[in-house]
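Single-structure report; data block below.
None of the figures in this text is laboratory data; all of them are computed from the coordinates on show. Quantities reported herein were computed from a predicted structural model and do not represent experimental measurements. We place every Cβ from the backbone using ideal geometry, glycine too, and count neighbours over all the protein chains shown.
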Amino acid sequence: MEYTPVTAADFAAIDDLPDWELLDGGVIRATFGMPTFPAGASLISAISGLAEHAVHHPDLELRYPGKVQVDLTTHDAGGLTTLDTDLARQITRTAQAMGAE
């Protein structure tokens, strides 16, 4: 599979991923505050469905009272690609639709 790399400068120029930050190692991270722990678990489930459809799987963490942390990187490409930014957009829209704060 071919991947289109996203540089730090490219990521900084993206204006529709305000929930996401670029970490060292070509990883982007967002944390979504859900109103309850079960709502956070529901978001994890929804993200899992998006990831399966994209055949691209993020690292997910659920913390009380409903914080969902999502890390994305393309391991096969050794860093950030458009596969990550595309999935990040879908995750953000889904989290907002589900009531993320």
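Summary table below
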{"item": "The chain, relative contact order [Cα under 8 Å, separation at least 6], %", "result": "35"}
{"item": "Charge dipole magnitude, Cβ of K and R +1, D and E -1 - the chain, Cα centre, debye nearest 20", "result": "400"}
{"item": "Helix 37-54 axis, angle to the chain major axis (alpha carbon atoms, nearest 10°)", "result": "30"}
{"item": "Residue (of Thr4, Gln96, His75) at the positive-pole extreme of the chain, dipole from beta-carbon charges", "result": "Gln96"}
{"item": "Stretchable slack from Arg89 to His53, in nm (0.36 nm times residue separation minus alpha-carbon distance)", "result": "11.5 nm"}
{"item": "Residue-averaged 222 nm ellipticity for the chain, from DSSP H runs of 4+ at -39500 (n - 2.57), nearest 500", "result": "-12000 deg cm²/dmol"}
{"item": "At q = 0.13 Å⁻¹, base-10 log of I(q)/I(0) for the range 48-101 (Debye sum, equal scatterers on each alpha carbon)", "result": "-0.33"}
{"item": "Backbone N under 12 Å from the Leu60 label point (7 Å along Cα→Cβ), restricted to the range 87-101", "result": "91, 95"}
{"item": "Structure-derived semi-axes √(5λ) of the Cα gyration tensor in Å: which label, when the choices are [x] 23, 14, 11; [y] 21, 14, 13; [z] 25, 18, 11", "result": "[x]"}
